[in-house]
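> So that we are looking at the same thing, I have put the structure below in structure tokens.
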Amino acid sequence: MPVVGDLSVLEMGRALARDDLNIRVGPYIYRVQSPMSIINSGMRTLYSDYPLVERGGFSDFHVAIRPPNWAQQLRRRVDFYIDNDRPFNRIEYRHAFAFLEWGMNWCVAQFSNEYLKLHAAVVAKNGKAIILPGLPGAGKSTLCAALALSGWRVLSDEHALIPLHTANVIPICRPISLKNESIDIIRAFSPQVVYGPLSEETHKGSVVHMKGDLSLDSHDVSPVPARFMIFPEYIKDKALSLEPRAKAECFMFAALHAFNYSLLGVDGFETMSTCMDAVDCYSLSYSNLDEAIEVFDQLVSPEETLV
Amino acid sequence: MLWHSCSDGLVYDRQEGLAVFFDKVSGNTHLVDEVAINILKVLSESSLSSGAIKNECIDHLGHISGVDQDQLIEDILFELHSLDLIE
């Protein structure tokens, strides 16, 4: 199957400009349009291994980043569009790639209600998925990035897509969003990390996206059974600890921070119940990424020595 | 005075001391302790007085020491009432 990386810079620029770039991201097809070189560069860096989908076919999300008119182009300001609607305020050109990523996330958060969508990163190894819910700033994306660079498969750094009445997760691997200190932490963790365009002075501070599809099966969309739910928290200088947590408490946290639990009603409750019965729940406090990854490796080893 | 349930609920209870109660009427989800979930269960079957509820919950109150059990039941009933789960 052709992938984005098969396109030359010129071909990519043409496809983006002509509204002709269809890429498969997990179970969805995005059609992306932009005349901007920063988008061309970012897409080529971070989406090079994403499957291209036939031109002119169906797309789940038709998104664009562009200035709305010449005046705004001169002022270097751009809009995010979905189906020609503009759901967000206009932003500066230099933040365009991060804006596109946020917009692509928003599409899933807003519209994909065929799944229960938890606000969580999901990683997998040996056929076992680990769901990582967490409040913003808890360190889940940093941990997710380090796991990706250590042989783990990233199913998502933002959305756990759970088909209704199952305990499976549908992979939707996208670039991993890193902010502020995490950017240098991950660069120090692995010099092989591939970053897209850096956006400085955004409302979240400095933001960069990391290539997340580092596993051979990153673009396989088969469901992966969830086996653990871990609530990570980075605490400076804290010795690593892994503590079991009550399932009811974790149910409540994950449901309250889900994108559409309430919308799904009884289906949401029943799907959460099914999922919680399938996972063991822990809190993980860590300050050292290598130690945290060792714990993860032990959890999914055939012996599961920690449980 | 008899209490009765005014909700149609689903329960996620794995005997951990906490349970999740989903109120189908409002669509709200609540994290409740084992005494409260037992009260909701018994009131879903019949209307009961505070005293009768306490008797039904006696197994769940046994390990709670240092508190007035009558007052504890009243407090939980008040809280469940404020959540529109019982009346």
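The numbers here are math on the coordinates, done by the rules we state, and not lab data. Bear in mind that the values here come from a model prediction, so they are computed numbers and not experimental data. Here Cβ is always computed from backbone atoms with ideal geometry, including for glycine, and neighbour counts include all displayed protein chains.
> Any idea what the dipole of the stretch A:176-288 comes to, in debye rounded to 20, about its Cα centre with Lys/Arg Cβ at +1 and Asp/Glu Cβ at -1? Walk me through the numbers on the way to the answer.
Working: 9 positive and 15 negative charges, 46 e Å.
Computed charge dipole of the stretch A:176-288: roughly 220 debye.
> Quick one: length gained pulling B:D70 to B:A52 fully straight, 0.36 nm per residue minus the C-alpha distance?
5.4 nm
> Right, next: Give me the dipole magnitude in Debye, nearest 20, for chain A about the Cα centre, with unit charges on the beta carbon: positive for Lys and Arg, negative for Asp and Glu.
So the dipole magnitude of chain A works out to roughly 1020 debye.
> Checking a compactness column here: for chain B, what do you get for Rg(Cα) / (2.2 N^0.38 Å), N being the number of residues?
For chain B, the normalised Cα radius of gyration comes out at 1.01.
> If you don't mind, there's one more thing I want to ask. Tell me, what are the semi-axes, in whole angstrom and largest first, of the equivalent ellipsoid of the protein assembly as shown as set by the roots of 5 times the Cα gyration tensor eigenvalues?
45, 24, 18
> What does the charge count near A:L74 come to, summing +1 for each Lys or Arg and -1 for each Asp or Glu among other residues with Cβ under 14 Å from its Cβ?
Counting the neighbours of A:L74, the net charge comes to +4.
> Could you tell me how far the Cα centroid of the stretch A:45-89 sits from the Cα centroid of the stretch B:37-65, in Å?
58
> For the pair A:H165 and A:D20, how long in nm is the line joining their label points, each one 7 Å along Cα→Cβ?
Placing both labels 7 Å beyond Cα along the Cβ direction yields 4.5 nm.
> Something else about it: Alpha carbons only, please: Rg and Dmax for the stretch A:86-239, in angstrom.
Just the Cα atoms of the stretch A:86-239 yield Rg and Dmax of 15.3, 46 Å.
> Moving to a separate point now. With a 4.7 Å Cβ cut-off, tell me which Cys residues in chain A come up empty for a partner.
A:C107, A:C144, A:C173, A:C275
> Stretched out fully, how many nm does the piece from A:V266 to A:D297 gain, at 0.36 nm a residue minus the Cα gap?
Numbers: separation 31, 0.36 × 31 = 11.16 nm, distance 3.50 nm.
The A:V266-A:D297 span can extend by a further 7.7 nm.
> Follow-up. Starting from the eigenvalues of the Cα gyration tensor, five times each then square-rooted, give me the equivalent ellipsoid semi-axes of the stretch A:1-85, largest first, whole Å. Provide the component values of the computation, followed by the final result.
Details: eigenvalues 98, 45, 20 Å².
So the equivalent ellipsoid measures 22, 15, 10 Å along its semi-axes.
> Measure off 7 Å from each Cα along the Cα-to-Cβ vector at B:Q15 and A:K236, then give the distance between these two points in nanometres to one decimal.
Inter-label distance under the simple model: 4.6 nm.
> Oh, and also: If the chain between A:A188 and A:E249 were fully stretched, how many nm would it gain, using 0.36 nm times the residue separation less the Cα-Cα distance?
The span from A:A188 to A:E249 would gain 18.4 nm if fully extended.
> Based on alpha-carbon positions alone, could you give the equivalent ellipsoid semi-axes of the stretch A:35-78 from the gyration tensor, as √(5λ), descending, whole Å?
Over the Cα atoms of the stretch A:35-78, the ellipsoid semi-axes are 25, 15, 7 Å.
> Looking at the square roots a ≥ b ≥ c of the eigenvalues of the Cα gyration tensor of the stretch A:200-243, which shape do they give, rounded for a/c under 1.5, prolate if a/b is larger than b/c, or oblate?
Verdict is oblate for the stretch A:200-243.
> Now a separate question. For chain A, find the longest principal axis of its Cα atoms and tell me its angle to the long axis of helix A:289-300, 0 to 90°, nearest 10.
Taking the Cα atoms of chain A, the angle to A:289-300 is about 70 degrees.
> With chain A treated as a Gaussian network of Cα nodes joined by springs under 10 Å, which of A:V123, A:V208, A:V154 yields the largest mean-square fluctuation?
A:V208
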